[in-house]
1. Hey, Phe5 hits all of (1) surrounded by 19 or more Cβ atoms within 10 Å (Cβ to Cβ); (2) at pLDDT 95 or above but one; which does it fall short on?
2. Do you know which residues across the range 299-314 are open to solvent by 30 Å² or more (accessible area, probe 1.4 Å) and either free of Cβ contacts under 8 Å to residues at least 60 places away in the same chain or under 29 Å from Asp106 (Cβ atoms) (or both)?
3. Take the residues of the range 353-367 that are of a type outside the set (Phe, Trp, Tyr) and open to solvent by 80 Å² or more (accessible area, probe 1.4 Å): which is farthest from ligand 2 (Cβ to nearest atom)?
4. Conditions: (1) without any contact (Cβ under 8 Å) to a residue 40 or more places away in the chain; (2) within 21 Å of the chain's Cα centre (by Cα). Ala109 meets all but one. Number of the miss?
5. From Leu100, Leu15, grab the single residue that is over 30 Å from Asp114 (Cα atoms) and open to solvent by less than 20 Å² (accessible area, probe 1.4 Å).
6. Give me a count of the residues in the range 315-352 that are open to solvent by 30 Å² or more (accessible area, probe 1.4 Å) and more than 16 Å from Val157 (Cβ to Cβ).
7. Is it the case, given these coordinates, that Lys291 is among the charged types (D, E, K, R), at pLDDT 95 or above, more than 16 Å from ligand 1 (Cβ to nearest atom) and under 23 Å from Phe209 (Cβ atoms)?
8. For the range 243-255, state whether one or more residues are over 30 Å from Gln27 (Cβ atoms) and among the charged types (D, E, K, R).
Amino acid sequence: MANGFEAKLNEYAHLLVEVGLNLQPGQTPRLAAPVECAPLARLCVEAALDRGARDVVVEWTDDVVTRQRYLKADQEVFSQFPDYQKAKFDWLLERGAPALSITGGDPEALRGVDPARIQAWQRASAQPTKPYYDAMSANRFQWTIGACPTRAWAEKVFPDKRGQAAIDALWEAVFSACRVTGDGGAPARWKAHIEATARRAKRLNDYDFQSLHYTNALGTDLTITLPEGHIWMGGADATPAGVGFVANMPTEELFTAPRWDGVDGRVYAALPLALNGNLVRDFYLDFRGGKIVDVHAQEGEEVLKHSIAMDEGSSYLGEVALVPYDSPIRNTGLLFYNTLFDENASCHLAFGSAYPNCVKGGEGMDEQAQKAAGLNQSLNHVDFMVGTRDLSIVGTTRQGERVTVFRDGNFTF
Ligand code: ZN
Ligand code: ZN
C-alpha cells in the first residue's frame with residue numbers, strides 16, 4: 001500500500017480522537033469497531049493514549065460471528081441480557097467514558113436471519129442499556145461516529161470493483177469527504193469548518209426566518225414555514241462541562257424543524273433515495289398545508305408511498321437541513337449507502353419526526369405541546385436530498401424582509 005495511505009489513515013485517526021471526541025487527559029474512552037477495521041482502531045488507541053487517555057476500552061464487532069450466533073446459538077441467549085454486560089455499561093456511564101464508534105460493517109450481514117431473534121435481543125437489551133444511551137443522546141459525555149470501509153460496504157458503493165480495489169476506492173472517498181489529505185492538517189481544517197458552521201448557525205438564528213422559499217430548474221417551488229422559537233443546529237455539540245465534540249464525522253448540515261402544518265408547493269429530489277434496500281429515483285412530492293398530497297417517482301414509487309403512509313406523521317416534514325452544494329461529500333459524486341455520508345451530501349428534508357431540541361424548550365414539552373409548537377411526530381424519519389447546483393433559497397423574516405440564503409446551490413454568507 002502506498003505511503004500516502006498510511007499517512008492519511010493516521011491523520012484520520014487523530015481527527016476522530018482530537019476533534020470528533022476531543023478526548024481530555026485522564027479520560028477512558030470506549031472504542032467500538034469491526035474487526036476488519038483493526039488498523040484504524042489501533043491508530044485511534046495510540047492517538048488516545050498519546051493524548052493522555054488513562055486507558056482505552058476496545059470492543060470488537062464481527063459481522064460473521066454475529067450472523068453465526070443469530071443463526072445457530074440457543075434461542076434463550078437472545079432474550080437475556082447478561083449481567084456482566086449491564087455492569088459494563090454502568091461502569092462506562094459512571095465514568096462518563098467518551099464513546100468512539102467506527103461504522104462500516106456489511107449492510108446486509110443479517111439477511112435471512114429470523115427477525116424474531118433480532119427483535120428479542122433488541123427488547124432484552126433496551127432496558128439495561130437505556131441509562132447509558134439516554135446519557136449519550138443528552139450529550140452527557142463526548143461521543144463520535146466515524147466510518148471505516150469494509151469489503152461488503154465498498155463493493156456496494158463500487159459495484160464494478162472487487163475486493164481490495166473497492167476498499168481502496170472507498171477509503172479515498174472517505175478521506176476526501178472528511179478533509180483528510182495526508183498532510184496532517186485535517187484537525188485544523190475541521191476546527192475552521194466547525195467555526196464556520198457555528199457562524200452560519202448564529203446568522204440563521206439571528207434572522208429568525210418566518211419562512212424559506214426553495215426554487216430550482218427541476219421545478220422545485222416550495223415554501224416552508226419555520227416555527228416560532230426554532231433553532232438552527234449543526235457542527236459541534238458540548239457536554240454539560242463545556243467540552244465540545246463532533247458527534248458525526250463527517251458533518252456538513254445545519255438543520256432545524258419546519259412547522260409540520262406549514263409546507264406548501266412542490267419539491268423535486270436531487271439524488272436517489274435508498275429506502276429499505278430499494279432505490280427511489282426521480283421523484284417529487286406535493287404539499288398542501290404541510291401534508292404530502294401527491295407523490296410521483298420514475299422508479300420505486302410504491303416503496304416511497306408505503307413509507308409515507310407508515311403513520312399519520314409520515315406524511316408531514318420533520319427536518320429542514322442546509323448543506324452547500326460544494327461540500328466535500330457531494331464532490332465525491334458517490335452514493336455511500338450510509339446515512340453518515342449521504343445525509344450530508346446536499347440540502348435535505350425529512351418526512352417524519354422532528355428533533356424536539358430544534359424549538360426552544362421543546363425537549364421539556366409533552367407530545368401535545370410539541371405538536372402545538374410545530375414539531376412533527378412520527379416513528380419514521382426519512383431524509384431525502386433536494387439540493388441542486390442551481391438551488392435558490394430566499395428567507396422571509398418576521399418583519400417581512402427578504403434575504404437570499406442560498407444562491408446557485410451555496411450559502412450567500
Ligand atoms: Zn439532517
Ligand atoms: Zn434527518
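1. Going through the list (1) surrounded by 19 or more Cβ atoms within 10 Å (Cβ to Cβ); (2) at pLDDT 95 or above, Phe5 breaks only (1).
2. Those that are open to solvent by 30 Å² or more (accessible area, probe 1.4 Å) and either free of Cβ contacts under 8 Å to residues at least 60 places away in the same chain or under 29 Å from Asp106 (Cβ atoms) (or both): Glu299, Glu301, Glu302, Val303, Lys305, His306, Ala309, Met310.
3. My answer is Asp366.
4. (1)
5. Just one listed residue meets the conditions, Leu15.
6. The total comes to 2.
7. Values: among the charged types (D, E, K, R): yes; at pLDDT 95 or above: yes; more than 16 Å from ligand 1 (Cβ to nearest atom): yes; under 23 Å from Phe209 (Cβ atoms): yes.
For Lys291, the condition - among the charged types (D, E, K, R), at pLDDT 95 or above, more than 16 Å from ligand 1 (Cβ to nearest atom) and under 23 Å from Phe209 (Cβ atoms) - is met.
8. no
The values are calculated or read from the model by the stated rules, or taken from the named source; none is laboratory data. Model, not experiment: these values are computed from the prediction. All Cβ positions, glycine included, derive from the backbone under ideal geometry; neighbour counts span all protein chains shown. Each accessible area value is taken on the protein alone, full model and side chains, heavy atoms only, with ligands, DNA and RNA left out. Shrake-Rupley method; radii C 1.70, N 1.55, O 1.52, S 1.80 Å.
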